[in-house]
Structures are given as structure tokens and as C-alpha cells.
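Colleague: Sharing a structure here in C-alpha cells format.
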Amino acid sequence: MTKIDTDQYSEEKEEASSVVTYLAYFMIVLGFICVIAGFVNSIYSYILLASGTINEIALFGSIATGTIAAIAIGILLIPIGLGILNLENWAFPFVLYINALAILLFMINGGFMIFVALFNLLAIIILMTPQVRASWWSLFMEDMAPRAKETRYTLYLIRKSPLVVAGIIIIAVYISLVFLAPYITPYGPTERDWYNFLSAPNANHIWGTDENGGDIYSMVIWATQVDLKIAISVVAVALAAGAFIGAAAGYFGGAVDEIVMRITDVFFAFPGLILAMAIVSALGARNLDNISIALMLVWWPTYARLVRGQVLIEREKLYVEAARSVGASDMRILAFHILPNTIQPVIVQATLDMGGVLLTAAGLSFIGFGAEAGSAEWGLMIAQGQSHFNQYWVTLYPGLAILFCALSFNLVGDGVRDILDPKLRRR
Amino acid sequence: MKLRDYVIRRILLAIPVVFGVLAITFVLSYVMGDPVGIYIQERTSEEQVEAIRRLHGLDRPLYEQFFFYLRDIFSGDWGYSVSARLPVTEVVATRLPATIELSIFAIIFAIIVGIPLGILSATKKDRWPDHITRVVALAGVSMPIFWFALMLKYVFFFQFYQAGLPALPEGGRYTFTVLPYTPITGFLLIDSLITLNPILFMDGLTHLILPGFALGYLTLAIITRMMRSSMLEVMKEDYITLARSKGLRERVVIYKHALRNAMIPTVTVIGLAFGGLMSGAVLTETIFSWPGLGRWSTRAILNSDIPSINAFTLLVAFIFVGANLIVDLIYGTLDPRIRYG
């Protein structure tokens with residue numbers, strides 16, 4: 001009886017480790033795929049540039065979110081694969097973190113990098129299969145147990161807070177507008193009703209028309225895609241870059257830390273909009289990609305500071321000391337303790353920044369750095385209202401769209417920050 | 001640590017930041033385009049271009065150019081603004097007072113309204129004054145300032161005018177078609193007081209209301225939120241409980257005991273809000289045709305006027321660094337823990 005049990009046990013273990021081995025090899029291969037894809041992406045982007053499909057700025061963006069990100073991720077994946085091969089338990093959560101980041105960045109980059117993102121998704125799916133989960137999930141959950149309880153409590157508080165729920169609902173509405181735009185708008189984003197320009201709200205144009213006869217309602221809805229894309233891509237890239245730099249600064253300390261912090265000091269010496277203005281004019285062409293790049297450059301120091309501070313705080317905490325004293329490796333402490341604890345304030349900051357980026361991008365677009373005239377973008381639409389401010393509808397509706405979008409992100413960010421604040425929690 | 005040492009250390013810390021600001025503006029203006037471009041006309045020959053390049057030291061290595069840049073900035077030669085057809089320093093001298101006047105008006109408005117609102121919100125927590133104040137503050141940080149400005153203009157200029165009510169002016173600093181004004185200090189309100197001209201003073205004041213309100217609303221929101229949260233925090237302290245248990249009236253507890261300590265974080269926020277104010281000035285000045293730095297900067301950027309863009313960015317950064325330095329020094333005097341910590 002006992003013998004059979006043991007056999008079964010060892011057999012199961014054998015089975016499990018074979019999938020784990022597959023995952024390990026897959027990670028190593030994926031690492032190489034990412035590096036190669038990074039290079040291919042840059043070549044592909046240059047070809048697109050030469051054929052005139054994209055401009056230099058889009059090329060720069062593609063190189064940032066595609067090539068550099070893919071190469072960095074690929075290089076990180078290889079040691080993780082080797083770690084899994086040696087059954088080191090820190091490697092498993094890293095597969096989750098790195099691949100999730102990769103999917104986010106590759107989706108923003110678009111093009112054929114989306115196919116690479118599918119591989120990353122596959123890696124996460126393999127990671128979550130029962131066979132692989134057996135070798136890390138219980139351990140992960142054991143370390144996460146107190147945190148999981150806290151998270152459940154947090155979710156409970158969020159459900160109880162009407163303002164946060166309202167914010168989440170508004171965000172959901174905006175995101176659904178992105179996908180529903182073709183079905184709920186009577187006109188396309190560039191369609192014009194030339195004879196009815198500047199007409200007040202009526203049956204044909206429920207929110208009126210602008211100076212070229214564009215339907216305000218349709219344009220406001222279509223612009224959701226454009227503006228949300230800017231906000232999400234700026235925050236995602238700034239977060240990824242800032243988090244990486246900040247974590248490195250906090251981890252290495254000393255001269256690296258000092259240099260990084262002095263650089264962020266300099267960036268903080270400029271008001272956001274004004275530095276972005278200068279960067280846009282340095283980049284040359286005036287379009288939305290340019291605005292995104294400028295805002296990314298303006299916003300990364302926020303996250304670098306935040307993550308560095310978190311890493312420094314967490315590093316000195318008693319539980320990290322405890323983990324170290326029982327012989328946990330640095331990588332394990334990073335994967336199981338420091339990163340999960342750092343992520344919460346970063347997410348809150350990112351949510352709040354979505355509103356800020358949205359407003360700044362609209363402001364830049366309003367001054368005239370944004371999309372080409374006539375395209376559906378909230379800031380640009382308001383800019384048109386500047387010369388027609390007697391026709392209130394030209395200005396009012398795009399502004400309300402920005403207001404509610406920024407408001408929803410602020411509601412959620414504010415509410416969640418209050419909920420997570422240990423000073424206000426359970427006393 | 002003595003206060004003097006703290007002041008010295010804080011000033012020394014600002015030096016690398018100023019240097020970094022200079023480096024960033026140099027790099028940005030270097031990338032912006034070939035500065036020779038503005039001198040070139042149809043008949044300019046290659047030799048002439050080379051001569052211009054040599055004249056301005058543009059053929060030198062980059063580090064030497066950076067050195068020249070530093071020298072010129074510190075000696076007060078900030079270049080020539082093509083869009084304004086004046087040397088940059090002159091443009092700044094004529095336009096800076098307008099922007100400062102607007103900013104000070106906005107910040108005074110924000111402080112006068114924001115701090116009482118924050119106190120009201122904290123003392124009436126979770127009752128309707130609190131809810132209304134929070135909505136007002138949240139709207140302030142979520143609202144595109146340029147949209148708000150346009151809406152104000154629509155209601156208080158256009159609709160009031162249509163309805164025959166006393167409308168507020170739509171833009172500008174004063175009614176220049178009717179009133180003569182020769183700048184002395186550049187600050188219109190001060191000048192009109194010096195020259196004992198009440199009509200001009202009132203005219204300038206009515207012109208300030210809309211842009212000042214539009215610009216100050218964001219700062220108001222930030223101050224209100226900060227005041228509320230720091231007031232709530234202070235009200236939980238032991239010494240407040242003690243003051244109450246001594247039988248002091250609630251008014252005295254709030255205004256004598258709580259307010260002073262709750263003001264400290266608010267002072268810092270006001271310093272940081274200065275940056276937002278400069279950003280907001282760019283947008284507000286564009287809408288209200290305010291003859292300040294912000295409007296000059298947008299026009300300069302749309303005309304690719306490199307020295308002007310550079311000077312504006314640099315100036316705003318200097319003002320911002322200076323404001324933060326002053327706030328830090330005030331903070332150090334207000335709260336001894338900062339100095340000793």
C-alpha cells in the first residue's frame with residue numbers, strides 16, 4: 001500500500017517536473033525570441049519609415065516600447081528560465097511579473113509585436129496549469145496569505161465606497177465607448193456635414209456641429225480611443241521605465257542612487273506642461289505620438305522616486321530581515337516580498353496620473369501641438385471652441401468628456417489611496 | 001542644526017539642480033534645430049552661412065558651446081526673440097510683471113477661499129458642507145483649465161452681455177482703447193495706485209477676475225484637499241483632546257490649537273502649486289489674451305523661435321526652483337523638526 005503510494009507520488013512529481021522543464025526551456029527560447037523580435041522590430045520600423053508609413057517619432061516610440069523593451073525582457077527571461085530549471089522558487093513569480101509587463105508593452109507597441117505578446121500569454125497560461133502550479137503556488141500563497149487577507153478586506157472596502165464604485169463604473173463606460181464607437185455614432189470621426197456648420201443641438205446632431213460641420217457627439221465618442229490610448233501608453237511606459245530605474249537605484253544605492261535622484265530632481269524643477277512643451281518643440285513634428293513621448297519623458301521620474309522609496313522602506317522592514325535570516329536568497333525576497341508590497345502605491349499613483357496625463361495631453365493639444373486640424377481629439381475640439389465660444393456646444397461637450405474621464409480616475413485613485421492608507425485603516 | 005546651517009545646506013542643494021536645468025535646456029535647444037536657420041535668406045551664400053556659424057561659435061565643440069551658453073545666461077545675454085522682435089531679456093522685463101500679477105491674484109484667491117473651505121470641510125466631516133467642498137475640490141483637479149476658462153468667458157462675458165447684465169471683460173489687461181497706461185513698475189494695479197488713477201485700477205481689477213479665477217481654481221482645489229486632510233490628522237492628536245477636555249470652546253480649539261499645525265503641510269503644497277500655476281498661466285493667458293509670458297511662449301513655439309522657448313523654459317524652472325526653496329526655508333522656520341531631522 002505504502003509502496004504504491006510512494007510510487008504514485010514520485011510518478012506525479014516526475015510528471016509535474018516535466019511540464020516545469022518545458023516551461024523552463026520555453027522561457028529560455030522565449031527570451032531569445034524576444035531579443036530577436038526586438039531587432040526585427042527595429043528593422044521593420046525602419047522599413048516602415050523608409051516607405052513613409054510612419055514618421056521618425058513613431059519610429060522612436062516603436063523602438064522604445066518594442067525594441068528596447070523586448071531586448072531587456074528577453075535578457076531577463078533567460079536567467080529566469082535557468083532558475084526554473086534549477087527549481088528555484090523565486091523564478092516562478094518572476095515569470096508572471098515579467099510576462100505581464102511584456103504583454104502590456106508589446107500591446108502598446110502594436111504591429112507584429114502583438115504576436116510575441118501571445119507567446120508571453122502562453123507562458124503565463126503554462127505557469128498557471130495545475131502541474132506547474134504544484135511547484136510554486138502553495139509557497140507563493142503561503143507568503144501571500146496575510147496579504148491576500150488584506151486584499152480581500154481592501155476589496156470589501158472598495159465595494160463599500162460609493163465614490164470608488166462610481167469611478168470604476170465611469171471608467172468602464174469610457175472603455176466600452178472605445179469598442180462601441182462604430183455602433184453608437186451616426187457619423188465617422190472625420191465625416192463632415194458641410195452645409196450645417198456650427199448648428200445648435202438638433203435632431204440630426206444631438207450635440208450640434210463644429211465649424212466644419214463635424215458632428216460633436218460622434219467626434220467626442222470617437223476621441224475616447226485617441227485620448228485613452230495616450231493616457232494609458234504614457235502611464236504604462238513611464239511606469240515601466242521609472243519602476244526599473246527606481247528599483248535599480250534603491251537596490252544598488254550609493255553612487256547610482258545619488259545620480260538617479262539628482263536627475264529626477266532636475267526633472268522636477270520644471271512644471272510638467274512646460275517641460276513637455278519644450279520637448280515637443282525639440283522633437284520637431286507636432287502630432288499625438290510626439291505628445292506621448294514628451295509626456296513619457298516628463299512622467300518617469302515620479303515612478304522612479306516612488307519605487308525607489310518603496311524599495312528602501314521595504315528593504316529595511318522586519319519581515320525582510322526575517323526572511324533573510326532563514327536563508328532566503330535576494331532574488332526570492334525581491335520576488336515574494338518587496339515587489340508585491342511595492343506594487344500597491346504604484347498602482348494608486350498610476351491611476352491618479354491617468355487623469356493628470358489626460359489633462360496635460362489635452363492642454364498640449366489645445367495649444368496646438370496635437371493632432372492635425374479636424375481630427376477627433378478632445379483638446380483640439382476645445383481649441384476650436386476658442387474662436388467660437390458663443391456657440392457653447394463646440395466647447396462644452398468635449399470638455400465634459402475630459403472632466404468626467406479625469407474625475408473617474410481621480411475618484412478611484414483617491415478612494416483606493418485612502419483605503420490603503422495604514423493610518424486611516426482599522427483603528 | 002542651526003537655522004543658518006539649514007538655509008546654507010538647502011541653498012547648496014539647489015545648485016546642482018540649477019546646473020541640471022541649464023544642461024537640459026541646452027540639450028533641448030540644441031536638438032530643436034539649426035540656429036543659423038533664422039539668418040538664412042534666399043541669397044545667403046555658403047560662405048556667409050559659414051561666417052555666421054563662426055561668428056556665433058557654432059562650429060566649436062559642444063562642450064565649448066555649453067560653456068558659452070552658461071556664460072551668456074549668467075551675464076544676462078539671453079538671445080534675441082524673433083517672434084517679439086526684441087531681445088529676450090526685454091521681452092521678459094515687459095511681460096513678467098503681467099504674469100506675476102495674474103499668478104499672485106490667483107494664488108491669493110486660492111488661499112483666501114481654499115483654507116476656510118478646507119477647515120469647514122474637516123470640521124463638518126461627512127456632513128453636507130464636507131460633501132459639497134469635496135466635489136468642488138475634486139472637480140478642480142479633474143477639470144481642464146482651458147475649458148473652464150472658456151466656459152467662464154461664455155457665461156460671464158457673452159451670456160451676461162446678452163442678458164444686459166454688467167458683463168466682465170473677455171480678455172486683455174485693461175481697456176486699452178479708452179484708457180491710457182504707461183508702465184512704471186509694470187504691475188498695473190500698483191502703477192494705477194501710484195498715479196492715483198482709480199478708474200484704471202478698477203478696470204485692471206475687473207480684467208483680472210475671470211483669468212484669476214480660472215487660474216486659481218486648480219490651486220484652490222489642491223489647497224482645500226491638503227487643508228482638509230492635514231486638519232483631520234491634527235484633530236486626532238492628543239493635545240486637541242487635551243484642549244477639549246480643558247473645556248475650551250470648539251472655536252478656540254480649531255483656530256488656536258489645530259490650525260497652526262495643520263497649516264504646515266499646506267504651505268508646502270502652495271509652493272508646489274506654483275508650478276501648476278505657471279503651466280496654467282500658459283493656457284489661461286492664451287484664452288484671455290493676457291500679455292504675459294505664457295502667451296509669448298506659445299506664440300514662440302508655434303513660430304519655432306528657439307531663444308524664446310529656451311528662455312521661457314529656463315525662467316519658469318528658475319522661478320519654480322526659487323519658489324520651492326523659499327517654501328522649504330519657511331517650512332524650516334515653521335517646523336523645527338525639519339531642521340533637526
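Colleague: Over chain A, with the other protein chains present, what is the accessible area per residue in square angstrom, probe 1.4 angstrom?
Modeller: 46 Å²
Colleague: Now, a different point. To the nearest 20 debye, what is the magnitude of the charge dipole of region B:266-341 about its Cα centre, counting +1 on the Cβ of each Lys and Arg and -1 on the Cβ of each Asp and Glu?
Modeller: Dipole of region B:266-341, to the nearest 20 debye: 60 debye.
Colleague: Moving on. Go through region A:397-412 and flag every residue whose accessible area shrinks by 30 Å² or more with all protein chains in place compared to the isolated chain (probe 1.4 Å).
Modeller: A:Leu403, A:Leu407, A:Asn410
Colleague: Pop out the ³J(HN,Hα) list for region A:197-214 in order, Karplus 6.51 cos²θ - 1.76 cosθ + 1.60 with θ = phi - 60°, rounded to Hz; leave Gly and Pro as x.
Modeller: Going residue by residue, I get 7, 6, 8, 5, x, 8, 5, 6, 10, 5, 10, x, 10, 8, 5, 9, x, x Hz, with x marking Gly and Pro.
Colleague: Can you list residues whose amide H is under 5 Å from A:Gly213's amide H, if they're 5+ apart or on another chain and H is modeled 1.01 Å from N?
Modeller: Amide H to amide H, under 5 Å and 5 or more residues apart or across chains, A:Gly213 pairs with A:Leu198.
Colleague: Expressed as cubic angstrom per residue, what is the convex hull volume of the alpha carbon set of chain A?
Modeller: Per-residue hull volume (Cα only) is 190 Å³.
Colleague: Leaving out ligands, DNA and RNA, calculate the buried accessible area for the pair A and B with a 1.4 Å probe, summed over both sides, in Å² to the nearest 100.
Modeller: In total, this chain pair buries about 3900 Å².
Colleague: Tell me which of A:Ile114, A:Ile169, A:Phe389 sits at the most positive position along the dipole axis of chain A, charges placed on C-beta atoms (Lys, Arg +1; Asp, Glu -1).
Modeller: A:Ile169
Colleague: Further, regarding this structure: Against the globular-protein guess of 2.2 N^0.38 Å, express the Cα radius of gyration of region B:172-260 as a ratio, rounded to two decimals.
Modeller: In units of the globular-protein estimate, region B:172-260 measures up at 1.81.
Colleague: Further question on the same structure: Round to the nearest 10 and give me the degree value, 0 to 90, for the angle of helix A:2-50's Cα axis relative to the longest principal axis of chain A.
Modeller: 30 degrees
Colleague: Treating only the Cβ of Lys, Arg, Asp and Glu as charged (+1, +1, -1, -1), what charge dipole size does region B:86-334 show about its Cα centre? Round to the nearest 20 debye.
Modeller: It comes to approximately 920 debye.
Colleague: Setting aside same-chain residues fewer than 8 positions from B:Lys236, which aspartates and glutamates have a Cα under 17 Å from its Cα?
Modeller: A:Asp418, A:Asp421, B:Asp126, B:Glu250
Colleague: Quick one: 3J(HN,Hα) in Hz for region A:370-379, Karplus 6.51/-1.76/1.60 with θ = phi - 60°, rounded, Gly and Pro as x.
Modeller: Values, residue by residue: x, 5, 5, 3, x, 7, 7, 8, 4, x Hz.
Colleague: How high is the relative contact order of chain A, in percent, counting Cα pairs under 8 Å that sit 6 or more residues apart?
Modeller: Rounded, it is 17 percent for chain A.
Colleague: I'd like the mean, over residues of A:262-269, of how many other protein chain beta carbons sit within 10 Å of each residue's own Cβ.
Modeller: What the average comes to for A:262-269 is 6.
Colleague: Mind checking which of B:Leu315, B:Leu165, B:Leu218 has the largest fluctuation in a GNM of chain B, springs on alpha carbons under 10 Å?
Modeller: Comparing B:Leu315, B:Leu165, B:Leu218 in a Gaussian network model of chain B, the most mobile one is B:Leu165.
Colleague: Let me ask another. Whose amide H sits under 5 Å from the amide H of B:Tyr80, counting only residues 5 or more places off or on another chain, with H placed in the peptide plane?
Modeller: Under 5 Å from the amide H of B:Tyr80 lie the amide H atoms of B:Val88, each far enough along the sequence or on another chain.
Colleague: Can you pull the mean other chain C-beta count within 10 Å for peptide B:274-281?
Modeller: 4
Colleague: Among A:Ser42, A:Met219, B:Leu96, flag the residue with its Cα farthest along the positive direction of the charge dipole of the protein assembly as shown, charges on Cβ as +1 for Lys/Arg and -1 for Asp/Glu.
Modeller: Farthest towards the positive pole: B:Leu96.
Colleague: Select from B:Leu179, B:Leu96, B:Leu314 the residue whose mean-square fluctuation is largest in a Gaussian network model of chain B (Cα-Cα springs shorter than 10 Å).
Modeller: Result: B:Leu179 has the largest fluctuation of those listed.
Colleague: Helix A:392-420 against the longest principal axis of chain A: what's the angle in degrees, Cα atoms only, rounded to the nearest 10?
Modeller: 20 degrees
Colleague: What are the membrane-span-like helices in chain B by this rule: whole DSSP H runs, Cα extent along the axis at least 24 Å, mean Kyte-Doolittle hydropathy at least -0.5?
Modeller: Span-like helices here: B:3-32, B:88-123, B:198-235, B:259-287, B:306-334.
Colleague: Here's something else I'd like to know. Can you tell me the orientation of helix A:162-184 relative to chain A, as the angle in degrees between its alpha-carbon axis and the longest Cα principal axis, to the nearest 10?
Modeller: Taking the Cα atoms of chain A, the angle to A:162-184 is about 70 degrees.
Colleague: In percent, how large is the relative contact order of region B:86-334, given Cα pairs closer than 8 Å and 6 or more residues apart?
Modeller: 29 percent
Colleague: For region B:49-170, what does the relative contact order come out to in percent, with C-alpha contacts under 8 Å and a separation of six or more?
Modeller: It comes to 8 percent, rounded to a whole number.
Colleague: Return the whole-Å distance between the Cα centroid of region A:154-169 and the Cα centroid of region B:80-121.
Modeller: About 39 Å separates the Cα centre of region A:154-169 from the one of region B:80-121.
Colleague: From the residues A:Tyr319, A:Ile274, A:Leu297, which one has its Cα farthest along the dipole of region A:271-427 in the positive direction, the dipole being from +1 and -1 charges on Cβ of Lys/Arg and Asp/Glu about the Cα centre?
Modeller: A:Tyr319
Colleague: Something else about it: Which distance in Å, rounded to a whole number, links the C-alpha centroids of region A:383-404 and region A:59-128?
Modeller: 42 Å
Colleague: I would also like to ask the following. Roughly how far apart, in whole Å, are the Cα centres of region A:272-304 and region B:125-161?
Modeller: So the separation of the two Cα centres works out to 28 Å.
Colleague: Then there is this: Top mean-square fluctuation among B:Gly276, B:Gly20, B:Gly247, Gaussian network model of chain B, C-alpha springs under 10 Å?
Modeller: Largest GNM mean-square fluctuation: B:Gly247.
Colleague: Return a single number: how many Lys pairs in chain A, at a sequence separation of 8 or more or on separate chains, have alpha-carbon atoms below 21 angstrom apart.
Modeller: 6
Colleague: In debye, nearest 20: dipole of the protein assembly as shown around its Cα centre with unit charges on the Cβ of K, R (+) and D, E (-)?
Modeller: Result for the protein assembly as shown is approximately 2860 debye, rounded to the nearest 20.
Colleague: I've got another one for you. I need the phi-derived Karplus couplings for region B:183-195: 6.51 cos²θ - 1.76 cosθ + 1.60, θ = phi - 60°, integer Hz, Gly and Pro marked x.
Modeller: Running phi through 6.51 cos²θ - 1.76 cosθ + 1.60 with θ = phi - 60° gives x, 10, 8, x, 8, 4, 5, 5, 4, 5, 6, 4, 7 Hz.
The values are calculated or read from the model by the stated rules, or taken from the named source; none is laboratory data. As the structure is a prediction and not an experimental result, all values here were calculated from the model. Virtual Cβ from ideal backbone geometry, glycine too; neighbours counted across all protein chains shown. When the accessible area is computed, the model is the full protein with side chains, heavy atoms only, and any ligands, DNA or RNA have been set aside. Shrake-Rupley method; radii C 1.70, N 1.55, O 1.52, S 1.80 Å.
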